[in-house]
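The values are calculated or read from the model by the stated rules, or taken from the named source; none is laboratory data. Source: prediction; values computed, not measured. Methodologically, a virtual Cβ is constructed for each residue, glycine included, from the backbone with ideal geometry; neighbour enumeration extends over all protein chains shown. Remember, those area values only see protein heavy atoms, side chains included, never the ligands or the DNA or RNA. Shrake-Rupley method; radii C 1.70, N 1.55, O 1.52, S 1.80 Å.
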Amino acid sequence: DEAGSVECKFSKTLIYVDMPLKDIKGMEAAVIGVNDVRDGHEYAPVQISELTGVAAIGTSVNAQLISSQINTLVICIVLVFFVLTLTFGRNWKLGLITTLPVVWVVSLEPLTFVALGQPLSLVTVMIGSIVIGVGIDFSIHITQRVIERGVNLPSVYNATAKTAQTLAEATTVTLVGLTAAFAINISALWWFVFIIVVLLIASMISAMFLLPALYAQVVKSGGTLS
């Protein structure tokens, strides 16, 4: 009116923030920046809520990724150990040795992320569980061949010689199938597939070399797996 006052005819206002697609760090910085603007101004008696939406929720979820990933991997490995123990006639020693190569590959996951310069994200967080599911299959093949002729050095040599080619062929076919993902024009998906490829190759190597080495060491030291 002439006095300069404005009559408020509404009770709520929705403010839409147009935010371009960013990586996790960029998205977090943008969310914090918007909330800083909100916190740095006085709008009394108006109350303004914090930013919400895909970016804010993604930032909140990302903050919980590391702890959730660790908990998930531990649960997966423990369950795999118990299932293998039951599968091999309740022999916890065989279950433990068969699980160790997978544990070694999973421990390489953080190093792989650092080496490739890729942060843990909503996409890559699933890689650890995928590697456990595929890697344990390689170890089971070796262990089953060792058990067939008794746990001794000849059986370890025979299992390695006969199964190594099969594992290499299976890994090659899987990797060739995964390369189809590079035809999709999504860079985040490319890194997801590439990291899986690296860890699958590590799983194959651990099953072909690390697992037989563990069995050979147990036999040479006079230990028993019965």
If I take every Cα pair under 8 Å that is 6 or more residues apart in the chain, average their sequence separation and divide by the length, what percent do I get for the relative contact order?
20 percent
The range 5-54 versus the range 59-88: alpha-carbon centroid distance in Å:
37 Å
Need the list of aspartates and glutamates near K162 for cross-linking: C-alpha distance under 13 angstrom, and skip anything on the same chain fewer than eight residues off.
E148
Candidates I70, I24, I186, ranked by Gaussian network fluctuation over the chain, Cα under 10 Å, top entry:
I186
Only four residue types carry charge here, +1 at the Cβ of Lys and Arg and -1 at the Cβ of Asp and Glu. Report the dipole size of the range 1-132 about the Cα centre in Debye, rounded to the nearest 20.
1080 debye
For the range 40-175, what % of the accessible area comes from carbon and sulfur atoms, probe 1.4 Å?
68 percent
Report, in degrees rounded to the nearest 10, the 0 to 90 angle that the Cα long axis of helix 187-205 makes with the longest principal axis of the chain.
20 degrees
Whenever you get a sec, line up E7, E42, E28 from highest to lowest accessible area (probe 1.4 Å, protein heavy atoms).
E42, E7, E28
Note, the range 28-40: 3J(HN,Hα) by Karplus (6.51, -1.76, 1.60, θ = phi - 60°), whole Hz, Gly/Pro = x, goes 5, 5, 5, 5, 5, x, 5, 5, 5, 4, 5, 6, x
Find how much the distance from M126 to Q47 grows on full extension, using 0.36 nm per residue of separation minus their present alpha carbon separation; answer in nm with one decimal.
24.6 nm
Output ³J(HN,Hα) for the range 165-170: one whole-Hz value per residue in order, computed from phi by the Karplus curve 6.51 cos²θ - 1.76 cosθ + 1.60 with θ = phi - 60°, and x for Gly and Pro.
5, 4, 5, 5, 5, 5
With the charge dipole of the chain built from beta-carbon charges (+1 for Lys and Arg, -1 for Asp and Glu) about the Cα centre, the Cα from V114, F194, N91 projecting farthest to the positive end belongs to N91
0 to 90° range, to nearest 10: angle between helix 211-220 axis and the chain longest Cα axis
40 degrees
Label selected from (1) 17.5; (2) 21.4; (3) 18.1, the criterion being Kirkwood radius over Cα pairs in Å as computed here
(2)
Can you give me the angle between helix 54-63 and the longest principal axis of the chain, using Cα atoms only, in degrees from 0 to 90, rounded to the nearest 10?
50 degrees
Environment charge at M204 (Cβ cut-off 14 Å; Lys +1, Arg +1, Asp -1, Glu -1)
-2
Under 10 Å, Cα contacts only: if you run a Gaussian network model on the chain, which one of G53, G95, G133 comes out with the highest mean-square fluctuation?
G53
